[in-house]
1. Here is a list: ALA157, ALA162, ALA148. Which entry is of a type in the set (A, V, I, L, M, F, W, C) and in contact with a Ser or Thr (Cβ under 9 Å, 6 or more places away or on another chain)?
2. Could you please give the count of residues in region 173-210 that are over 22 Å from LEU49 (Cβ atoms), surrounded by fewer than 12 Cβ atoms within 10 Å (Cβ to Cβ) and either aliphatic (A, V, I, L, M) or free of Cβ contacts under 8 Å to residues at least 60 places away in the same chain (or both)?
3. Going by the structure shown, is PHE62 within 18 Å of ARG91 (Cα to Cα) and either surrounded by 19 or more Cβ atoms within 10 Å (Cβ to Cβ) or under 12 Å from the mean Cα position of the chain (by Cα) (or both)?
4. Can you name the number of the only condition in (1) at pLDDT 95 or above; (2) within 30 Å of GLU212 (Cβ to Cβ) that ASP79 fails?
5. Using the structure shown, decide if GLN130 is crowded, with 16+ Cβ neighbours inside 10 Å and farther than 26 Å from ASN195 by Cα.
6. Return a yes/no flag: does region 154-167 have any residue that is charged (D, E, K, R) and buried (at least 19 other Cβ atoms within 10 Å of the Cβ).
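The values are calculated or read from the model by the stated rules, or taken from the named source; none is laboratory data. Remember, predicted model here, so these are calculated numbers, not experimental data. Positions of Cβ are backbone-derived with ideal geometry, glycine not excepted, and every protein chain shown enters the neighbour counts.
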Amino acid sequence: MDDGFTSGRFRFRVEWSDWESDKARGFHEELEDDAFDLRLARTGKIPDLGGAPIASWLLARFARLTDDGLGLAGVEHNDGGGYVIEFVVYRIYSEWEDPQATFVQPLLFDVAELGVDVEPEKPVASFQFQATMEGAVVLGQRAHDCPAEEVLEALAAALLAAPTELLRRQLAVKDPEWKCDPEMYCPRPVKGSRNWYGWDGSEFLGKFNIRER
């Protein structure tokens, strides 16, 4: 099982990180895009979602890229009614970089076995990928010598390289805030309500999910 993918100069690995570990790694600059879904949508490459949220396509696409190594359970409990995937970004071996490449498949061999000396991958950023009924955002930190836009474009390139190559994945999400004021949401949440994201092999899920009015 893999839990990451390579794009451009970077490897995106599903890996938990916190403020202390980010600080120790020298991640002091912001890495943010509060409209990452629009970055993807304006390319015109997103498949027809049939009214489902883009979060469902993203889940199925990330599942494909990581062989479902997303670190998500079958049911999540999150404020906002969406899901969160944690990533750490590594700068890959410079010897194997192709400046013209936008998406690079993971190496299928062990460079150590070839007797080639390469520098180890260097962590340069970490972020949360947050997807809800409203869209998707990237929220994290990076090293000062790690260009934020290059990371964001590399992430987008990996997702858009083969937008119809998906993995069947279904995720249920319960929002603890629904019970506080159910009238704020549509449809009105009741006991046992949950939002569904993903792809069942024929259609994307979540067309009738709960969202804020």
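1. Answer to the check: ALA157.
2. Of the residues in that region, 6 qualify.
3. Taking the combined requirement at face value, the residue does not satisfy it.
4. (1) is the only condition that ASP79 fails.
5. Taking the combined requirement at face value, the residue does not satisfy it.
6. For region 154-167, residues charged (D, E, K, R) and buried (at least 19 other Cβ atoms within 10 Å of the Cβ): absent.
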